[in-house]
Structure formats: structure tokens, C-alpha cells
Amino acid sequence: MVTYWINVYSEQTWKESQAHGPPISGFAEKRLASVQKIALGDILLCYIMGAKKLTGAREVIGPAFISRTPAIWFTQAYPVRLPVKALVTLDLEEALDFEALLPKLSFYNPGNMRCTWAKLQGSPTRLEQVDGELLLAALRGTDAALADQAVVPGPDQEVPPPPSPAVGQALPAAKAPPALLSNPLDTLIHELLVTQQDATKPTQFEQTAFRAFAYLGFDVQHKGKSGHTDLVLDSPLGTDRYRVVVDVKSSATGKIAESQINFPAIKAHREHEAAHHAAVLGEKFAGGNLQKFATEFDIALIDTPTLVDVLRLHQRTPFTAADLRALFTAAGPVTTALADLKQKAQATERHWLLIAEIVTLVDTFSRLEQPLPLTSGALHAVLVSQSLPSKQQASSPPSEQDVRDALAFLSCRAVGILRAVDPDTAGYRLTMPVSAALQRLRALESAIRAVLAQGSEQAAVVTSNALA
């Protein structure tokens, strides 16, 4: 049976929630125990505190998880989160007046209104079945007693879910509907969070993990049979290539116990597959001797939240295969490896921003009546001055070598956005407007994609001929 819950918002948090892409309901960390009682299919009724309005209904489509990213709300992180599907969404101007609905609710006490309103202070708060059904009917405008209320269903009502993404191997039909999905990575992460807890169907978690590692750029084999490892990852790096065996563990309890991991067997799988590294993937890992054995057998313990963090970082600043190797060289938890990857992602973003800043500066000086070619030293000096602590939000200045590297990229023959105009001082000018520079970079990407696609077609022909 569906259970109904009050989900409390302020006007600000409601607007922030609506501005975020895939629907997510968030709660304070101290409410974790209450949130974990919410089941798939339960309905959250969205109440705006202060305004005393009912603005929507959300169906829960996945288990609770803890994450502070992405940042959805400005006032708090609300890290205890639920993936939900919008059933009804009303603008604040169209929302239902909750005071008008109160007399019809079982907890209404006209002699003690303070007690009545207290029911709407906590979030989430469980409602009686009759109250939940009445409020949902009011939102949908189907309750005859409330037919005079102006109720407008949200534009996202009854919207069919988008198709699953083609990332790696296709996932068999999953239990949870893929409704929170604004892009393929959101789909993938949602399926990881759902399938990791279905111990009755471990293959689904293995298939989802297959797609996650494929997204990170690995060549992945799914084995998963008795006597074999679940996944084999290959990093195609020529003489620097490496191989990893991964055991994928799902658990209904949320934690992988020591008894679930056969460390000697994983070691044997590593030897059988001639792998350099071995890892276990699971939602969380229990204490006891588990970490001790992981260290003893040199096996990395990768929890799902860490893998999700890596996937999101990789989306923003794709990692090299060498960067990702740190995830598997750790013996035990991979906390340090994740911290290193976050630093690498930040460094990459700084280099990309540096390229943008250099193009902007060169464009500015190129527009002077007497265009002035900028040298690496002059550019470095300007960039350092922009990063001085006197600014409200100071940033670390780039090194002069960072500036030289960026100039070398922008002026190389393949890119050609800058050109050297003064051999003595190594001064640079733009060769095209900034808008054309962006088009050139996009054209470079298109050319690379076309060559890769042609290479894939040729490889398929060669393989077909070999098998004929």
C-alpha cells in the first residue's frame, strides 16, 4: 500500500528544487532514519511552510542515498536524498491554500491549532492514508468536494521516461523506473544506487558496474560465472597498459560484510586473468577484519559513493587511464585516491580556465588602435595581478610554465588560434575572433570523431572478413 508523507519546503527551497534538472527531494542528515522508512512508490506531498500552500506530489522511485553534490539548495546541502518522479507540480501562484483543506484532515483540531500546525513542521512526516489520498486528489483536481479549487496539473505529469543511454553494454530492464534522468550519466548513477541493494539479482549490479567502468574509458569484460571474477577491466595504454579484476557485491543491508568476500578467490582470479590489480565494488564496507584482509591480499575496496564521485568528476574533466589507476593500487579503502583525483580535476579545470583567460586577454590587446602582441611573461604578470589577495575571492595564480604550455597549445599548427608575431619577444596575437576560435575547436572535435568512427567501421569489416 502507498504511504503518504509531508515534504516541507520554504518558498526559496521549492524554487531551487524546481530549478534543478532531475527531481530530487532532500532532507537534513538528522532525518536519515525517517527517510529510510520511505518505500518505493510512496508519495511525498510538497508543502510550503510560511505560505501554507500545497504545491505538488512526488512519487519515490529509488532508495535514499547521501550526497552533497550536486548543490541544489543554497541554505543547506540537504544531503539525505530521494530520487522522485513529479506527479503534480503547481506554481506558487496556483498552489492550493492548505488552511482551506485543514478541516477535512484527520489531524485537524480546532481547539488546539498549535498542535494541528505542528504536524506540518517536520520533514518527512507520515500522514494517515485517508489524509494522503484526499490531498493528492485535491492536487489532481479529482475530488468532488474540492472541485471549486483551481488545480492545474504540472506540465511534467504523465511524461514518459526518456530512453536508457547507450553507454557500454545495455542494462536489462531494471526495477526502478528511469524517471529522474536528465542525461545518460544521471541514468547510470541512479541505476547504480538502485541495483546495488538488490541482492536477489546480483547480475543487474554487475551490468550497471560494467557500464560505469566503460564510461570511465575501460575495455570491460563481464564474466560473472561461478569460479570467475565478475568484471575484467583493461586500460589500452600500449606498454603502460594495465588490467584489473573486479568483484561486484550487492547487499540488501547496505554494507558488505567480511563473510561476503572470498579474498583468496579474488587473488586467484587476479592470477588467472594475469591482472595487475584487484578490487571489490559495493555500497559500503563493514569493519572488523575486512580492511585488514584487503590490505593483506592487496585488494582495493571501492564503495559506490566513491565510484559515483569519480563518474561525476570524469564527466567534468575526463581522467587519463593513468590517473584512474590510483583507484586500484590502493589496498583497502580508496579514500586517498579519490582525494587525489579531486585535486587532478581541479588542476585540469584551472588549466582550461587559463586558456580562456589568455584568449580573452589577447583579444583585448589585439583590439587596441596599435595592436600589442603579448608575451608569455607579460601574460603571466597580468594573470598574477588578477589573482592578488586584494580581490574578494583570490585564486592561485598560474605559473609562467602553465602560461607557456597554454600558448603552445593555442598556437600549434592544428589549432592555430594564436600566432607568434615577434620572434625576438615571442609575442602572440589572435588569428580570428573569439567566436571563430570556438568554432575551430568544435570542428577539431568533429574531425577526430569522424576519424574514430571510420576506424571503427574498418575494424568491423576486418573482423567480419576474419570470421567469414
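No value in this document is a laboratory result; all are computed from the given coordinates. It should be emphasised that the depicted structure is a prediction, and the values quoted were computed from it without experimental measurement. Neighbour counts are summed over all protein chains in view; Cβ atoms, including those assigned to glycine, are modelled from backbone coordinates with ideal geometry.
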Antiparallel DSSP bridges in the stretch 233-332: what percent, to the nearest 5?
20 percent
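Which FRET efficiency value, to the nearest 0.05, do you get for Ser10 and Val415 by plugging their Cβ-Cβ distance into 1/(1 + (r/R0)^6) with R0 = 45 Å?
Calculated transfer efficiency: 0.40.
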Based on the alpha-carbon gyration tensor of the stretch 17-68 and its eigenvalue square roots a ≥ b ≥ c, which shape applies: rounded if a/c is under 1.5, prolate if not and a/b is larger than b/c, or oblate?
rounded
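Please identify every one of the trypsin sites (Lys or Arg not before Pro) in the stretch 190-254 that sits in a loop by DSSP and has no more than 11 other beta carbons within 10 Å of its own beta carbon. Can you show the working numbers first?
Numbers: sites: Arg211, Lys223, Lys225, Arg241, Arg243, Lys249; in loops: Lys223, Lys225, Arg241, Lys249.
Listed in order of number, the matching sites are Lys225.
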Could you run the Karplus curve 6.51 cos²θ - 1.76 cosθ + 1.60 with θ = phi - 60° over the stretch 268-281 and give me ³J(HN,Hα) per residue in whole Hz, x for Gly and Pro?
5, 4, 4, 5, 5, 8, 6, 8, 7, 9, 9, 8, 10, 10
Does a label point 7 Å from the Cα of Asp219, set along Cα-to-beta-carbon, have any residues of the stretch 315-330 with amide nitrogen under 20 Å, and which are they?
319-326, 328
Would you work out if the stretch 265-311 is rounded, prolate or oblate? Take a ≥ b ≥ c from the square roots of the eigenvalues of the alpha-carbon gyration tensor; rounded if a/c is under 1.5, else prolate when a/b is larger than b/c, oblate otherwise.
oblate
Roughly speaking, what is the centre-to-centre gap between the stretch 71-123 and the stretch 314-334 when only Cα atoms are used, to the nearest Å?
43 Å
Label points 7 Å out from Cα along the Cβ direction at Val130 and Ala274: separation in nm?
7.3 nm
Check the straight Cα-Cα distances from Lys201 and name the lysines below 21 Å, setting aside those fewer than 8 residues away within the same chain.
Lys175, Lys223, Lys225, Lys249, Lys255, Lys284
Could you name the lysines whose alpha carbon sits less than 21 Å from that of Lys52, not counting residues in the same chain fewer than 8 places away?
Lys15, Lys104, Lys119
Suppose each label sits 7 Å from its Cα in the direction of the beta carbon; what would the His351-Leu32 distance come out to in nanometres?
3.7 nm
Would you mind checking the radius of gyration and Dmax of the stretch 184-333 based on alpha-carbon positions, in Å?
14.2, 42
Just to verify a number: FRET efficiency for Tyr108 and Arg140, C-beta to C-beta distance, R0 = 30 Å, to 0.05?
0.90
Count charges around Thr431 for me, please; just the other residues with Cβ under 10 Å from its Cβ, Lys/Arg as +1, Asp/Glu as -1.
+3
